[in-house]
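Peer 1: The structure follows.
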Amino acid sequence: MRKFLVVLDDSRECLNAMRFAAMRAAHTGGGVTVLSVIPPDEFNHWIGVAEVMREEARERIHAHFEVFAKWMRDKQGVEPELAIREGDPVAEIIEHVQSDPEIGVLVLGAGTDKKGPGPLVTQLTRNSGSLPIPITIVPGDLSKEKLEAIT
């Protein structure tokens, strides 16, 4: 089964990427993998504090994932899976893509502010020639109705 890989982070544009991935998976009989990457700089503390912070980050990720997962199950009939990695986000995304042969498309949300589409979109499009799959970039300000029309 072909899976859509979508990145879960704290950005606003993440919502449209989630919607797009779930709708495309529902319409094509595919699956969705939600990947969240915990950057290493979040744990530059003493060992005990770092472990507590790591666990809190994982709990926060699981809570956010459950919101999206419920919507995907209830509205799209898609059962997503969650993957959590720690490290540099771009490197971990690339490594995850390479480690799962069922992933067929990487779905990213593009930011809408004047600074550009966001660091993940910028960095991953630079590496797109070496990725074994295509990248779909979903505009952050695309309406729900427009997303439904194009998926």
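The values are calculated or read from the model by the stated rules, or taken from the named source; none is laboratory data. Because the structure is predicted, anything quoted here is derived from the model rather than measured. Cβ placement follows ideal geometry from the backbone for every residue including glycine, while neighbour counts extend to all protein chains displayed.
Peer 1: Looking at A26, A57, can you tell me which residue is touching a helix residue (DSSP H, G or I) at 6+ places or on another chain (Cβ under 8 Å), more than 26 Å from P132 (Cα to Cα), assigned to a helix (DSSP H, G or I) and not basic (K, R)?
Peer 2: Working: A26 fails: more than 26 Å from P132 (Cα to Cα).
When all the criteria are applied, what remains is A57.
Peer 1: When you look at I103, is it closer than 21 Å to T28 by Cβ and buried (at least 18 other Cβ atoms within 10 Å of the Cβ), yes or no?
Peer 2: Yes; evaluated as a whole, the condition is true for this residue.
Peer 1: Limited to the range 17-53, what total is found for residues that are modelled with pLDDT under 95 and in contact with a strand residue (DSSP E or B) (Cβ under 6 Å, 6 or more places away or on another chain)?
Peer 2: The number of residues fulfilling the criteria is 1.
Peer 1: Let me ask something else. State yes or no: is A63 in contact with a strand residue (DSSP E or B) (Cβ under 9 Å, 6 or more places away or on another chain), modelled with pLDDT of 95 or more and of a type in the set (A, V, I, L, M, F, W, C)?
Peer 2: Numbers: in contact with a strand residue (DSSP E or B) (Cβ under 9 Å, 6 or more places away or on another chain): no; modelled with pLDDT of 95 or more: yes; of a type in the set (A, V, I, L, M, F, W, C): yes.
Criteria not met by A63.
Peer 1: Sticking with this structure for a sec: Take the residues in the range 127-139 that are over 19 Å from A22 (Cα atoms) and touching a helix residue (DSSP H, G or I) at 6+ places or on another chain (Cβ under 9 Å), then tell me which one is surrounded by the fewest Cβ atoms within 10 Å (Cβ to Cβ).
Peer 2: Pass one, the range 127-139, residues over 19 Å from A22 (Cα atoms): 127-132.
Next cut, touching a helix residue (DSSP H, G or I) at 6+ places or on another chain (Cβ under 9 Å) only: 127, 130-132.
On the way: N127: 13, S130: 8, L131: 15, P132: 10.
The extreme case among them is S130.
Peer 1: Quick check on my filter: what residues within the range 70-97 are among the charged types (D, E, K, R) and either under 12 Å from the mean Cα position of the chain (by Cα) or in a strand (DSSP E or B) (or both)?
Peer 2: Taking the range 70-97 as the starting set, the residues that turn out to be among the charged types (D, E, K, R) are 70, 73-75, 79, 81, 85-86, 88, 92, 95.
If the condition is that a residue be among the charged types (D, E, K, R) and either under 12 Å from the mean Cα position of the chain (by Cα) or in a strand (DSSP E or B) (or both), then E81, R85, E86, E92 are the ones that fit.
Peer 1: How many residues are more than 15 Å from L5 (Cα to Cα) and at pLDDT 90 or above when one looks only at the range 118-140?
Peer 2: Of the residues in the range 118-140, 1 are more than 15 Å from L5 (Cα to Cα) and at pLDDT 90 or above.
Peer 1: What pairs can you find where one residue is in the range 70-86 and hydrophobic (A, V, I, L, M, F, W, C), the other is surrounded by fewer than 16 Cβ atoms within 10 Å (Cβ to Cβ) and part of a loop (DSSP other than H, G, I, E, B), and their Cβ atoms are less than 8 Å apart, with a gap of 6+ or different chains?
Peer 2: What qualifies is M72/E79.
Peer 1: Just to be sure before I move on: is E81 among the charged types (D, E, K, R), under 20 Å from A25 (Cα atoms) and either touching a Ser or Thr at 6+ places or on another chain (Cβ under 6 Å) or surrounded by 17 or more Cβ atoms within 10 Å (Cβ to Cβ) (or both) in the structure I sent? Break it down stepwise before answering.
Peer 2: Details: among the charged types (D, E, K, R): yes; under 20 Å from A25 (Cα atoms): yes; either touching a Ser or Thr at 6+ places or on another chain (Cβ under 6 Å) or surrounded by 17 or more Cβ atoms within 10 Å (Cβ to Cβ) (or both): yes.
It is true that E81 is among the charged types (D, E, K, R), under 20 Å from A25 (Cα atoms) and either touching a Ser or Thr at 6+ places or on another chain (Cβ under 6 Å) or surrounded by 17 or more Cβ atoms within 10 Å (Cβ to Cβ) (or both).
Peer 1: Of all residues being in contact with a Pro (Cβ under 9 Å, 6 or more places away or on another chain) and of a type outside the set (A, V, I, L, M, F, W, C) in the range 103-116, which is modelled with the highest pLDDT? Just the residue, please.
Peer 2: G104
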